[in-house]
1. Is it the case that Ile52 is of a type in the set (Val, Ile, Thr) and at pLDDT 95 or above?
2. Quick check on Glu60: is it within 29 Å of Leu143 (Cβ to Cβ), surrounded by fewer than 16 Cβ atoms within 10 Å (Cβ to Cβ) and modelled with pLDDT of 95 or more?
3. Give me the pairs: first residue in segment 88-110 and under 14 Å from Asp133 (Cα atoms) and assigned to a loop (DSSP other than H, G, I, E, B), second residue of a type in the set (Lys, Arg) and modelled with pLDDT of 95 or more, beta-carbon distance under 9 Å, and six or more apart or on different chains, which are they?
4. I'm told Gly121 meets every condition in (1) over 17 Å from the mean Cα position of the chain (by Cα); (2) surrounded by 15 or more Cβ atoms within 10 Å (Cβ to Cβ); (3) of a type outside the set (D, E, K, R); (4) not in a loop (DSSP other than H, G, I, E, B) except one. Can you identify the failing condition by its number?
5. Only residues that are touching a strand residue (DSSP E or B) at 6+ places or on another chain (Cβ under 7 Å) and under 28 Å from Phe215 (Cβ atoms): list them for segment 22-61, please.
6. Any residue that is in contact (Cβ under 8 Å) with a residue 12 or more places away in the chain, at positive phi and in contact with an Asp or Glu (Cβ under 8 Å, 6 or more places away or on another chain) - is there at least one of those in segment 126-140?
7. Within segment 154-200, can you find the residues that are within 13 Å of Leu140 (Cβ to Cβ), of a type in the set (A, V, I, L, M, F, W, C) and assigned to a loop (DSSP other than H, G, I, E, B)?
8. Residue pairs, Cβ under 6 Å, 6 or more apart or interchain, first in segment 242-266 and within 12 Å of Leu299 (Cα to Cα), second of a type in the set (Asp, Glu) and in a helix (DSSP H, G or I). List them.
Amino acid sequence: MTSPISINAAASGTWRLGDLTVNRLGFGAMRLPQRGPALVADAVPRDRDQAIGVLRRAVELGVNHIDTAAFYFSSRRSANELINRALAPYSDDLLIATKVGPARGPSGDWLKHATPDQLRGQVEENLRQLGRDHLDLVNLRILGSASLAERFGALAELRQAGLIRHLGISNIQPHHLAEAQAIAPVVCVQNAYGIGAQPEQDELLRVCGEQGVAFVPFYSLSGKAREAGLRGGEDGAEGSEVLAVARAHGVSTAQVRLAWTLHRGPHVLAIPGTGDPEHLADNVAAGALRLSAADLAVLEAAHRRAGSAG
């Protein structure tokens with residue numbers, strides 16, 4: 001493991017999300033409430049003190065962008081409650097982003113996505129759990145290709161009312177970006193992305209960069225394998241190349257994947273999640289990993305080959 005003395009998320013560079021500047025290496029809270037697979041009804045709750053310790057350590061390591069959601073919970077833990085307990089009162093430079101749209105019942109089972117009228121309740125639930133009077137950034141998560149106009153419009157109204165500072169969209173198809181921007185400013189797009197992602201995701205990443213919109217990948221640690229529901233992330237055709245680059249630098253394959261993601265553009269942010277303090281340090285250290293032109297060429301070839309195969 002890299003020495004914690006030299007680790008700081010500031011090494012990843014910065015990006016401005018709306019009126020807040022964040023380090024490009026952030027933290028995803030999805031895995032905090034439970035051990036093992038995330039967002040399943042029978043997940044084993046994580047030790048509360050460990051989860052709180054990981055959050056506080058993340059901030060000590062320079063993380064100032066935390067991604068969460070009210071539907072990130074296990075039978076005894078919720079990510080928002082843990083964030084509130086660990087980090088409130090919040091510093092002015094800490095951006096907490098949350099998501100609305102999906103919902104889970106008390107047992108953890110997935111329910112239908114929220115209607116426009118129900119989105120206000122989800123926003124208020126996040127406000128209550130986080131102990132805030134406004135939300136820094138709310139991402140509307142989409143399923144499928146249907147129009148987002150009515151739901152995004154409802155969030156735009158809450159933004160006008162002062163409950164939300166900035167809006168983003170998540171799990172979208174390319175046409176959704178223009179549709180949302182016609183309603184209200186979009187500061188970020190959150191989509192599944194990593195080595196082996198399909199070509200349309202590369203195009204969306206490029207368009208976001210041209211328009212000054214942050215692109216925030218999830219599942220970037222395991223790339224295409226994770227999107228397909230597989231474990232580990234080294235099952236795809238790109239695995240051997242990632243391993244070779246990792247060995248050359250004396251780092252983990254996860255660190256190579258994160259560094260590659262950040263190399264895709266200055267507007268690309270990363271939000272790897274973990275409940276393990278050592279994994280947290282390794283993830284943050286990836287922000288300082290500089291890949292050579294030769295490394296990037298190898299990984300780009302693997303990325304394109306695996307992406308086109310999908």
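The values are calculated or read from the model by the stated rules, or taken from the named source; none is laboratory data. What you see is a predicted model, and the numbers here were worked out from it, not measured in a lab. Neighbour counts are summed over all protein chains in view; Cβ atoms, including those assigned to glycine, are modelled from backbone coordinates with ideal geometry.
1. Judged against the criteria, Ile52 is a match.
2. So Glu60 fails the test.
3. Correct list of pairs: Ala88/Arg132; Tyr90/Arg132.
4. For Gly121, the failing item is (2).
5. Step one: list which residues in segment 22-61 are touching a strand residue (DSSP E or B) at 6+ places or on another chain (Cβ under 7 Å), which gives 22-29, 33-36, 43-46, 58.
Across segment 22-61, the qualifying residues are Val22, Asn23, Arg24, Leu25, Gly26, Phe27, Gly28, Ala29, Pro33, Gln34, Ala58.
6. No, segment 126-140 contains no residue that is in contact (Cβ under 8 Å) with a residue 12 or more places away in the chain, at positive phi and in contact with an Asp or Glu (Cβ under 8 Å, 6 or more places away or on another chain).
7. Ile172, Ile183, Ala184, Val186, Val187
8. So the pair list comes out as Val245/Asp295.
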